[in-house]
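Written out below as structure tokens is the structure these notes cover.
The values are calculated or read from the model by the stated rules, or taken from the named source; none is laboratory data. Just so you know, these numbers come straight off a predicted model, no measurement behind them. Don't worry about glycine lacking a Cβ; one is built from the backbone with ideal geometry, like all the others, and counts go over all protein chains shown. Protein only, heavy atoms only, side chains kept; ligands, DNA and RNA dropped before computing areas. Shrake-Rupley method; radii C 1.70, N 1.55, O 1.52, S 1.80 Å.
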Amino acid sequence: MSLPVSFIIYFLLLCYTHYGFIGDDDLDGPLFVAILICNMSLDAAVVTVFTGLFGGVKPLHRFSALWGWIVAAVFWLFCLSNVVYFRQFHDCMDLTLIGEVRNFDILAESIGALVRAGDIVVTALYFCAFYFLAWRRQWRRLAWMRLRYFAVLAVLSFFGIYGLVARGTRNYSLEVFAFMDEGSISSSVIIAEMFGLTQLTAFNLYHSDMNRDATDDDRRFMNNHRERFMPLEGGALSSGETATDTVAGCAKAVGKCNVVFVLMEAIVSDAVTAVCSGDTVMPNLWRMARGASYANFNMRSEVHNGWSSDGQLIYMTGLLPHSRKVVVSSFAGNEYIGLGSVMKEKGMQTAMVIPTGGHIWHQDRMCRAYGIDSLYAATDYGEVDDGILMDYAIETLGKLKGRPFFLTVLNMTTHTPFSKQFGKRLKDFHDDKLPKNKLYYYERANFFDFHLGRFIAVLKKEGLWQNTLVVIASDHHVGGEWSGDNRDPIPLIFTGGVSFGADAPNAGADNANAGADLHAICQTDFYPTMLGLFGTKQKWRGVGSSIFSADKNKLSEEEKQTMSDIIFETDWFGLK
């Protein structure tokens with residue numbers, strides 16, 4: 001076997017993989033190109049060493065060809081999985097999510113719907129190259145010695161990456177070395193692009209098992225904030241809070257009230273209020289916001305590593321996502337006190353309609369953890385399209401009608417990336433001052449808004465509107481598309497027939513600048529707000545604060561994160 005040829009083949013596969021990562025983005029100058037070359041050299045050298053690891057060890061050398069094929073096949077699977085994953089989710093695959101490859105039932109019931117012709121061509125060339133150029137040649141006696149050269153190359157590439165990153169970030173090299181312990185460098189894409197797949201794998205393994213027993217310090221910290229684990233006084237809104245008797249009455253007679261929670265994918269406040277090519281981008285949502293009981297366009301996104309799954313987690317549990325790990329992959333087996341279980345205590349049916357397969361991101365397991373009894377996934381209706389999704393959500397309303405229900409609906413059309421024009425768009429937006437991907441985003445938002453309007457119309461037609469609290473929120477900001485690392489504000493809207501009244505704080509959005517005047521809130525404020533509205537006596541109140549009351553014991557961001565991490569790592573709610 002020829003190790004140099006193997007190295008070249010691995011390197012070329014990595015070129016294809018990283019091309020998938022960066023997509024249509026422009027390379028950020030020669031420095032970024034040099035970093036990419038170094039991290040691909042590191043990855044290819046490491047895999048080459050593993051390929052020939054047993055080649056010179058007797059009696060294992062007779063199995064060297066088989067061992068090499070296994071390594072080559074596993075590496076191909078990891079690279080192509082990342083290509084497909086990034087293409088759909090604009091992110092690199094966490095090692096703990098490698099099993100998600102079998103769950104790519106998003107666009108169809110098989111991964112075949114996500115594979116492109118280029119993937120097939122690259123796969124064919126990859127394995128043919130190994131057969132004809134590398135694997136027909138057998139090991140020689142000094143093959144083991146030749147592995148030294150690739151080990152040295154890996155070491156040189158490793159230091160080259162850190163030297164270049166240090167130069168680009170103007171940090172000392174030793175500071176950059178600490179990236180595994182820096183919460184600020186937690187994105188899989190950043191690690192994969194800047195440090196390579198080898199170090200991404202090392203990062204994943206380093207944080208693979210963060211479950212632990214609760215310590216005395218943990219108990220002391222939690223005891224210092226024991227008000228977070230106490231029922232709301234009286235189990236309902238107090239007279240000092242600003243909601244009217246209408247909402248307080250809803251809290252006391254919640255059995256007669258439905259809740260529809262529309263969790264929008266990556267809708268920022270700008271998209272709701274924007275006018276492009278003479279048209280409002282999201283006319284239905286903007287109309288609802290202007291007449292809503294409460295509309296705030298100044299909510300801060302608090303997502304971390306899992307993005308969409310993290311947004312879902314925040315709203316459903318009142319927790320911040322874990323600072324290092326993707327919760328749905330690392331802590332899916334934990335016990336939680338979720339919004340679904342709260343609503344079930346009020347006698348409601350609980351259901352969720354999602355635009356993905358039921359297994360991806362462990363949606364089935366997490367829904368059970370949140371207290372959601374019925375999960376309707378993409379494999380139930382065959383495609384991912386907000387029009388089809390809303391048709392199914394309307395059908396689900398019919399299944400739930402007759403008893404109070406809590407229904408959550410997620411959409412997908414506005415998921416990143418926005419590098420291409422959406423084929424089912426309803427309008428073509430043009431503005432020379434805006435980047436293309438933002439115009440494409442507006443077209444997707446407009447498409448979703450149209451079908452959201454259809455769903456709301458059915459609620460009214462079926463007589464459900466008057467007895468339903470409709471909550472509309474965004475799961476997170478839009479990152480990296482045109483705003484860089486800025487977390488643009490996202491909206492939170494309470495509407496429907498169950499209203500708060502005119503004296504609620506910031507009730508309604510009466511003009512296009514209303515969002516700028518509203519007090520800042522956080523995603524974690526949603527959970528305690530819902531507890532207050534529904535008068536629950538649930539002992540867990542979340543790390544946030546109700547937007548309708550002044551919280552004298554408001555947690556700092558550091559305290560929020562510390563409490564959330566302790567709850568995840570120790571399975572706090574599961575402790576007996």
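Conditions tested, residue by residue: (1) outside any loop (DSSP other than H, G, I, E, B); (2) at pLDDT below 90; (3) open to solvent by less than 10 Å² (accessible area, probe 1.4 Å).
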position: Met316; (1), (2), (3): yes, no, yes
position: Tyr336; (1), (2), (3): no, no, no
position: Asp391; (1), (2), (3): yes, no, no
position: Ile394; (1), (2), (3): yes, no, no
position: Gly402; (1), (2), (3): no, yes, no
- Note on the structure: Going through region 399-435 in order, the residues found to be without any contact (Cβ under 8 Å) to a residue 12 or more places away in the chain and within 27 Å of the chain's Cα centre (by Cα) are Gly423
- Message: Which of the numbered conditions does Arg219 fail, given that it passes all the others? Conditions: (1) modelled with pLDDT under 85; (2) over 30 Å from Phe86 (Cα atoms); (3) assigned to a helix (DSSP H, G or I).
- Response: (1)
- Would you mind stating whether Tyr441 is out of contact with any helix residue (DSSP H, G or I) (no Cβ under 6 Å at 6 or more places or on another chain), hydroxyl-bearing (Ser, Thr, Tyr) and part of a helix (DSSP H, G or I)? yes
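Listed here are the residues, each with its yes/no results for (1) at pLDDT 90 or above; (2) basic (Lys, Arg); (3) open to solvent by 20 Å² or more (accessible area, probe 1.4 Å); (4) farther than 19 Å from Glu265 by Cα.
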{"site": "Lys420", "(1), (2), (3), (4)": "no, yes, yes, no"}
{"site": "Lys424", "(1), (2), (3), (4)": "no, yes, yes, no"}
{"site": "Lys433", "(1), (2), (3), (4)": "no, yes, yes, yes"}
{"site": "Ala445", "(1), (2), (3), (4)": "yes, no, no, no"}
{"site": "Phe448", "(1), (2), (3), (4)": "yes, no, no, no"}
{"site": "Arg454", "(1), (2), (3), (4)": "yes, yes, yes, no"}
{"site": "Lys461", "(1), (2), (3), (4)": "yes, yes, yes, yes"}
- Of the residues that sit in region 255-293 and are free of Cβ contacts under 8 Å to residues at least 60 places away in the same chain and over 14 Å from Leu452 (Cβ atoms), which one is surrounded by the fewest Cβ atoms within 10 Å (Cβ to Cβ)? Gly278
- The one condition in (1) open to solvent by less than 10 Å² (accessible area, probe 1.4 Å); (2) not in a strand (DSSP E or B) that Met299 fails to fulfil: (2)
- Task: Determine the pairs where a residue that is outside any helix (DSSP H, G or I) and open to solvent by 70 Å² or more (accessible area, probe 1.4 Å), located within region 107-134, has a partner that is modelled with pLDDT of 70 or more and of a type in the set (S, T, N, Q) with Cβ atoms under 8 Å apart, the partner being 6 or more residues away or on another chain.
- Result: Glu109/Thr379
